[in-house]
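Report on the following structure.
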Amino acid sequence: MSRVLFSKSMGRRLAIPLLLVSVLFGCGGSLEPVVTPRFQHSYGERMFTQEEMGKLVKMGAVTAGWLPGKEQEGRIDLKVYVREHQAFVTVIFWENGFRIEHKATSSGLKYDSEYRLIHERYNHWVRRLSRHIRKQIGDQYVKKLAASMEPAVEPSSAPAPASVDREIVEAEPEPVAEADAGTPLAD
């Protein structure tokens with residue numbers, strides 16, 4: 001006697017939920033866990049003030065296509081509009097790092113607050129934003145490092161070069177005697 005593993009009634013009961021899942025998740029991008037990028041530079045010492053870090057965050061955001069919004073001490077709201085999608089984040093920053101947090105007011109991204117899932121494009125945009133901010137931090141760090149390595153002596157206070165004896169420089173060089181092919185030069 002053969003057993004039927006899949007009956008018609010069972011197929012109908014599974015068809016509707018599978019159809020709903022494919023419509024919700026299959027069309028227009030899949031859902032992924034919300035990414036919360038964090039960055040803590042390890043340059044050893046604090047190279048930036050909180051104010052400088054805020055400027056670097058804004059510069060990175062603008063180069064990544066995000067628009068700055070409300071600013072408070074240590075945080076800035078950013079937004080990006082792509083077609084029918086709107087993403088809103090808050091960047092929390094301090095002297096040597098930052099963190100990007102999603103704001104639930106984003107629209108068109110199928111955000112599920114219970115499971116913290118969101119449209120896959122959101123994570124792409126936020127990772128790109130993080131890369132641009134880190135690039136600004138790295139570029140500014142290199143500039144500060146280079147400036148700290150420049151000599152502290154001003155050109156006007158540098159010692160003058162020693163005087164040159166013009167007679168020695170302008171004198172004709174003495175001809176060098178060529179040695180015979182078999183005779184070494186005398187010391």
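Between E51 and K79, how many nm apart are label points set 7 Å from Cα along the C-beta direction?
Label at E51, label at K79, 2.8 nm between them.
How far, in nm, would the chain grow between S42 and S107 when pulled straight, counting 0.36 nm per residue and subtracting the alpha carbon separation?
Numbers: separation 65, 0.36 × 65 = 23.40 nm, distance 3.56 nm.
Additional length available on full extension: 19.8 nm.
Over region 28-146, what is the relative contact order in whole percent, taking alpha-carbon pairs under 8 Å and six or more residues apart?
Numbers: 200 pairs, mean separation 40.1, N = 119.
For region 28-146, the relative contact order is 34 percent.
Can you give the translational diffusion coefficient of region 28-146 in µm²/s, computed by Stokes-Einstein from the Kirkwood radius over Cα pairs at 10 °C and 1.306 mPa s? If you can, show how the numbers build up before the last one.
Working: Rh = 14.7 Å.
Rounded, D is 108 µm²/s.
For labels at E71 and V35 in the simple 7 Å Cα→Cβ model, what's the distance in nm?
2.6
With respect to the cross-link table entries K79/K143; K70/K144; K103/K144; K58/K135, which display a Cα-Cα separation exceeding 23 Å? Write out the running numbers ahead of the final one.
Working: K79/K143 29 Å; K70/K144 28 Å; K103/K144 34 Å; K58/K135 12 Å.
Violating the 23 Å limit, Cα to Cα: K79/K143; K70/K144; K103/K144.
What is the distance, in nm, between label points placed 7 Å from the Cα along the Cα-to-Cβ direction at T63 and at S148?
With each label point 7 Å from Cα toward Cβ, the separation is 2.1 nm.
I need S130, S148, S107, S42 ordered by Cβ neighbour count within 10 Å, fewest first.
Values: S130 21, S148 9, S107 12, S42 6.
If I rank by nearby Cβ atoms, fewest first, I get S42, S148, S107, S130.
We did not get these values from a lab; they are worked out from the coordinates using the rules stated. Just so it is clear, the model here is predicted, and its values are computed rather than measured. Every residue, glycine among them, receives a Cβ derived from its backbone with ideal geometry; neighbour counts consider all protein chains shown.
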